[in-house]
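None of the figures in this text is laboratory data; all of them are computed from the coordinates on show. Since we're looking at a predicted model, the values are computed, not measured. Every residue, glycine as well, gets a Cβ built from its backbone with ideal geometry; the counts of neighbours run over all protein chains shown.
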Amino acid sequence: MAQAGNVIQFSGHQYLRHRLVLSILSGKAVRIDKIRSDDKNPGLRDYEVSLLRLLERITNGTVIEISVTGTAILLKPGIIAGGSVTHDCPLSRSIGYFLEPVVMLAPFAKKSLHLTLRGITTDDRDLSADLIRTVTLPHLQLFGISEGLELRIKKRGSPPLGGGEVQFLCPIVKQVKTLNFVDSGRIKRIRGISHAVRVNPQFSNRMIEAARSVLNRYIPDIYLYSDVYKGEDSGKSPGYALSILAESTTGAIHCAEATSQPGVPPEDIALLASRALLEEIRRGGCVDRKHQSLALLMMVLGSEDVGRCRMGEPTARTIQFLRDVKDFFGTSFKIAPADPADETSSNLIFSAYGVGYVNANRTIA
Amino acid sequence: MSEQQTHKAHRPSQSGAKAEKKSKAKGKEKQHGFNEKAFAPRSGRRAERQGRRKVEKDQTRLHVPLVNRTPDDEPPPVIVAIVGPPGVGKTTLLKSLVRRYTKQTLNHVQGPVTVVGGKKKRITFIECNNDLNSMIDIGKVADLVLLMIDGSYGFEMETFEFLNILQAHGFPKVIGILSHLDLIKKAATLRATKKALKKRFWTEIYQGAKLFYLSGVLNGRYPDTEILNLSRFIGVMKFRPLVFRNTHPYLLADRFEDLTPREEIRASKGKCDRTVTVYGYLRGTNLRLGTKVHIPGVGDLSMKSVTMLGDPCPLPDAESEKRRKLSEKRKLQVHAPMSDVGGVIYDKDAVYINVPGSFTRGNTDVPQGEGEKMVMDLQDVRETLEDGVARSQIKLLGSSSKPLAVDPGPSRSHMDDSDDEDDDESAGESDDGSEDDYGEELDSGAEEEEGDWELEGEEEEDTAHPHDSGRSSLREVRRSMRDLPSDGQRREVEYAESDSDLGGSDVDDDHGLAGPSKRVRFGDEDDVEIASDAEEEMSDGEEAPRWKADLGEKARAAFEQHGRKGKRKDWTKLIYMSSLSPADILRDVSNASSNKDQTMALDDEDFFTVVSSSGPQEEVLDQTKEVLRVEDLKEWEDEEMLDSIRNLFITGGSTETPAEGGSGEEFGDEDSAAASDDEHQAETPADPEAARAAALAAKKEALKRKFDEQYDDPEGSQMGFYEEKKEEIARQLELNRAEFEGIDSEARALIEGYRPGSYVRIELADVPCEMVENFDPSYPIVVGGLLPSEERFGFVQVRIKRHRWYAKTLKTNDPLIFSLGWRRFQTIPIYSLDDHSIRMRMLKYTPEHMHCYATFYGPVALPNTGFCAFNSLSSGAAGFRVSASGVVLDIDRSTKIVKKIKLTGVPYKIFKNTAFVKDMFTSALEVAKFEGANIRTVSGIRGQVKKALAKPDGAFRATFEDKVLMSDIIFLRAWYSIQPRKFYNPVTSLLLSHQEEWQGMRLTGQVRREEGLKTPTNVNSIYKPVERPGRRFNPLKVPKNLQAALPYASKPKIMKAQSRQTYMQKRAVVLEPEEKKAMALLQQMRALRKDQVARRKEKQEERRTVHRQKVAKEEAKKSEKEKERRKEYMRVVGIKSKRESEREEGGRRSKRTKT
């Protein structure tokens, strides 16, 4: 009825996930066209279709129309229903690809979400299940989403065959808290998980050794856990990875991860991960670069107060995200240098006035 | 300025009569002061009770802390609505109040009237007419309601209806006013009436609600003293924020204009959609562009543009603030564009000339002279003289309270006309504000052009460093330092202030220093603005402009700084105001930071390789992690590099200042830093130690203060939950205020929207033409902002209760008019009740005196929003019109309401416990759907549907727990889910020529009645007398052969009743004396024996009880032991199983949860 003519247009296949998320949260229909229209293999990929299917399943009343060629979609969002959902992810992308948008939606569902995803738990494109558990979820805690928030890694699955399984449990909230996080503090501890499946368990210890060789110089509080899954729980393909995170005195978390590559010794993987972590730490800010858009989204959705957050330079994804947020919610951020006096610092303070988003899906009484 | 004079301080007389009097009074006061003994508790118990009572009272004082989103410094006017039945004296009261505040008499009041009510308070009065639609709309926006009641008559239905509407929408403050009390002549009756009315009023609002009495009318007004008292009450009224209004922006339009081109209207014969502007003070929360608004009575509309205008009824400023009372000039301020106030308002959209008293617009029955007609025609002129007037400030009439206010163009965000009308504002403040505006005004035309040019420049020339000169923060008015160009890099000299100094007249052109460089600007109007700034300052005759103070030094500092680093980029601008792709923006950063001394080529885009992305294939993917490349991280192999970030760890040396600096602690810090960049940059290299020492000292000082506080008042420093929450709210509000303080209003509106308290003009597109054609100022126009979720439609589940005064019950599937959120709409609810938490069961009618659920299709409102419902809004409806009220519970896209359906069938063949049933279904397919379903006979025998039978269609085999009878009816109880009809009909009362005559969907019965149609009857539905013949059972007949074969006990004993007396019956027995004696003896012996046996038994029982006790004791001991043994066993087993399970699962789990 009245929703007609309220469609936001985008083109291109990039940034599909956060556009879908914003559409579902804001309730505005979105139309995305020219999806790989010039490609040899035009249209949506299997994982994108699978994502759409997943979103349809955790919502109620969502209408998704995909054009015949698959190069255009129209999403008329329904309400976020939550509940118990099981989804098999295709092997072309890891579970992280699907979990990232779900993490943004789940707190605003009608019922708390209990999502089981099967597929690849760690790959080199998306956040691994480990990082989501140890970094993404603590980021949500900044916004008051903590009680009952859990990610269980039941089985691990490495590419190409996967076979992993995770359970994501997310509570619902009425409204997210306003973030005011401008003190990034100093790194006080480093934690990490090195896992290996269907390879020699010693690989994991070798990675830990190598990572320690770089990181030990900074602080003594380093714990890198070796997490070896055996038998049934270890998926169908061999693989190993190291994910490390550094936590600051104020609770800011930076993370990095490197996964096994053929022909590369585990030591090199570990070095890569730890150097990436150092790079991440040097960039500074209170929020990890991979989680910038999550933090910014939650800031926008906060109560009608000013939320502030210190971050490093935005990534390309973040920049596009900020633009899309403006289209969906009409809110833009004030982006000012964190310390104008210090030229070397590239840190920025993102401040925004929340839209006062209240979880309308929540049932009372 | 000139009015700043120092007053002599008051010096109390030290001696003399006055001093004596005062000292005496002091002594007296002491004497009569508080006698502690008088209030001391008499006993310990009493003291305890008193203490408890005090604490209880304290608790009742507390309310849930609510954030008030309305700014304290410049709040929007308070809306005071005057409501009551017709003829009760609303207009008279409004006029009296306006007269009290402004000393002006309005003859014809229409629409809102805004007056200044105090130093920090403005009031908008609005009269509410008797239409229920208006009452609903007013009830949603009014902060204070003056509820007028005819004292000579008593309460009327409208009053109660209105109170119920208020209750559903948050209940603003209400002051009752009794008028027409002069009609009651007898003093005793008057007293009694007052008392009765007051009592009734109190039960409706709360005990002790304020009720005013107004006696008769003098000179067309209420007595001045009574009005004065009332105004004092209004003045001190405090308002608690209401939840709905605290989450939605809204506006009560005090002006309304049609902007549609005349030609278009003419061409479409007035039927085209219009473009309309509404004006008013924003209230509630911040209004963002891009959201939709709802005008109750019209519909959802999209805002084309929002413009902040100068306040037409400004609060007294700082200067007059010093005086204890409002100045007379301020008192005269009144803003009522729909009424006939003697003022002229001239702006972009229309010309208003209101000549007080002589005529009013649209008042055609008054004979008009030639001149008046001309003036009337003038009023219809649209969009003329706009630019001409843009520069001028004309006061048309000497008596006009407002000068000609010039409304800047649609792209203008803010126009502060406060200095147009008053020159007595404080100098510093007004300068700050007006610089901006003058610049904007003068530059009005050039802006768009300049914007275009700017983009062009970006694309054409300087692609390598397009944003070098972008600002590090949003535009500041007083930004005195800009970068100077060097030969290596071309960048803009943002030496705005020096324009008048260097070039003087060049407005659009660039500075000599800059040469061919391009400018990237945020605000675009710098040059002109500053030029005019300079002029103004000069003409004001103040001290030399500030920017001139240390020009040389700044220039040097800038030069140095430029040499050191690339200019920071303005992220806000890059992201929101450029069309560059994200990758381009980032690439630009990496250039600026890494290749500092890069010489430029015009088309160097090709030479750049994308550093962060790797190959086209990866780039296509939507991935979160960036590809880790060994080459990128090579630098970390370097020891020096590794050491360089040591300071980011807690173990890092303290010699280096941590990167976060001081900005984390105070936000004020960076604001000031941004504001005076130059000062900072000049001082930063000078003495970091001193700064650090100062910071340390400040920190110490704060710690010391905190300690002192805690030491002095240990209880005071421990805040309760309540205080803590309040403090938290206050802190956040302070942060909200401070964060965007320095930014210019346009950018600020972009970030946080338009703040409540500002006077805005909202341009609405695609407004139905009827709204303009049938505009009636006596109907309020409320513009309510919608939250993103409220634009959607869905099934809304509400908890509803029929109003106890509404005479009829409400029926499912009857249309009902809801007032929910901002909207008024008609929809079709389905009532339901929760059936044992298993299902939502449909109700045909709302239950009596009880809540139930209702589900309807309509626009979504947030859960917990209150609503009220009506069956009819027309004034002709008899009785109480508010039919129900309730609250929203849930929003969904589907519903789960079911109603019961009973399928019946009859057995046509019965075996033992099996029966074949027909007439329940019509096909085997249907049966298949119901296989396994529970069925039941009327007599209560339960059974199950088994399988369809081939022969009669729809027949099936069923089994029962017992044999059923052929005469039984078999039921299948099923639940049929129903969806509410998707019917939504907004109440478009403002689009009608007679606003109160809106008619929605009618009931079938109503339609039939009005059309004179007969109700069609179904023959099967006609009631016929029920005939139930008594059931006769045949006598049981056992065949002879069978009877013979039966055993005697089972044989039917069919005998006639004995008719003769028996032998024994016929005879009487008489005993002989001996026999009698023997009999007696025998009896005695038997008695003795009996007694003996009884005694023996008793003895035995005694012995047995002793024995039993002994045994029980032993048993108890035994069982105790057994229990112990079992416990021990279970403990061991438990531990064992726990270990086992841990071994199975725990090892991995514990490891994972450690991080």
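Say the cut-off is 31 Å between C-alpha atoms; which of B:Lys37/B:Lys238; B:Lys900/B:Lys963; A:Lys28/A:Lys111; A:Lys326/B:Lys271 go over it?
Table pairs above 31 Å Cα-Cα are B:Lys37/B:Lys238; A:Lys326/B:Lys271.
Can you pull the one-decimal nm distance between simple spin-label points at B:Lys706 and B:Glu1098, each 7 Å off the Cα toward Cβ?
8.9 nm
If you bin every alpha carbon distance in chain A into 10 Å steps from zero, what whole percent lands in each bin?
5, 23, 32, 27, 11, 1, 0
For segment B:1016-1155, just the Cα atoms, rotate onto the principal axes and tell me the three extents in Å, largest first.
Cα extents, longest axis first: 107, 89, 43 Å.
Send over the per residue convex hull volume for segment B:107-205, Cα only, as a whole number of Å³.
Considering the Cα atoms of segment B:107-205, their hull volume per residue is 136 Å³.
So what are segment A:99-178's ellipsoid semi-axes, whole angstrom, largest first, if each one is the square root of 5 times an eigenvalue of the alpha-carbon gyration tensor?
24, 13, 9
In whole Å, what is the distance between the alpha-carbon centres of segment B:865-880 and segment B:208-281?
About 23 Å separates the Cα centre of segment B:865-880 from the one of segment B:208-281.
Students often forget the sequence filter, so: which lysines lie under 18 Å Cα-Cα from B:Lys1118 once same-chain residues fewer than 8 apart are removed?
The qualifying lysines are B:Lys1110, B:Lys1127.
Which log10 I(q)/I(0) values does segment A:187-283 give at q = 0.10, 0.13 Å⁻¹ under the Debye formula, counting every alpha carbon as one identical point scatterer?
-0.25, -0.41
In Å, what is the Rg of the alpha-carbon atoms in segment A:288-353, and how long is Dmax?
11.6, 35
Which of the lysines could be linked to B:Lys1056 by a straight reach, that is with a Cα gap under 26 Å, when you skip same-chain ones fewer than 8 residues away?
Correct list for B:Lys1056: B:Lys1037, B:Lys1040, B:Lys1066.
Give the peptides B:1069-1077, B:697-705 in descending order of average Cβ contacts within 10 Å, highest first.
B:697-705, B:1069-1077
Is there a simple number for the mean count of other chain Cβ atoms within 10 Å of the Cβ of residues in B:577-583, and what is it?
Average neighbour count from other chains, rounded to a whole number: 3.
Let me know the mean shielding of A:278-289 by other chains, meaning the per-residue number of their Cβ atoms within 10 Å of its Cβ.
Across A:278-289, the average partner-chain Cβ count within 10 Å equals 3.
Kindly rank B:55-63, A:333-341 from highest to lowest mean number of other beta carbons found within 10 Å of each residue.
Going by the mean number of other Cβ atoms within 10 Å, highest first, we get A:333-341, B:55-63.
Give the lysines reachable from B:Lys951 as a straight Cα distance under 21 Å; neighbours fewer than 8 places away on the same chain don't count.
B:Lys909, B:Lys912, B:Lys918, B:Lys929
Could you let me know the centre-to-centre spacing of segment A:207-236 and segment B:119-180, using Cα atoms, in angstrom?
Computed from Cα coordinates, the inter-centre distance equals 70 Å.
If you project the alpha carbons of segment A:112-240 onto the principal axes, what extent comes out on each, in Å, largest first?
46, 40, 22
Report the convex hull volume per residue for segment A:1-100, counting only C-alpha atoms, in Å³.
So the per-residue hull volume is 101 Å³.
Among the listed pairs A:Lys34/B:Lys982; A:Lys177/A:Lys334; B:Lys57/B:Lys195, which have their C-alpha atoms separated by more than 26 angstrom in this model?
Check vs 26 Å cut-off fails for A:Lys34/B:Lys982; B:Lys57/B:Lys195.
Using Cα-only point scatterers and the Debye equation, what is log10 of I(q)/I(0) for segment B:739-821 at each q in 0.16, 0.19, 0.23, 0.25 Å⁻¹, rounded to two decimals?
-1.03, -1.14, -1.25, -1.33
Among the listed pairs B:Lys173/B:Lys198; B:Lys811/B:Lys1014; A:Lys155/B:Lys1138; A:Lys188/A:Lys230; B:Lys801/B:Lys844; B:Lys95/B:Lys140, which are separated by more than 26 Å between their Cα atoms?
With Cα atoms farther than 26 Å apart: A:Lys188/A:Lys230.
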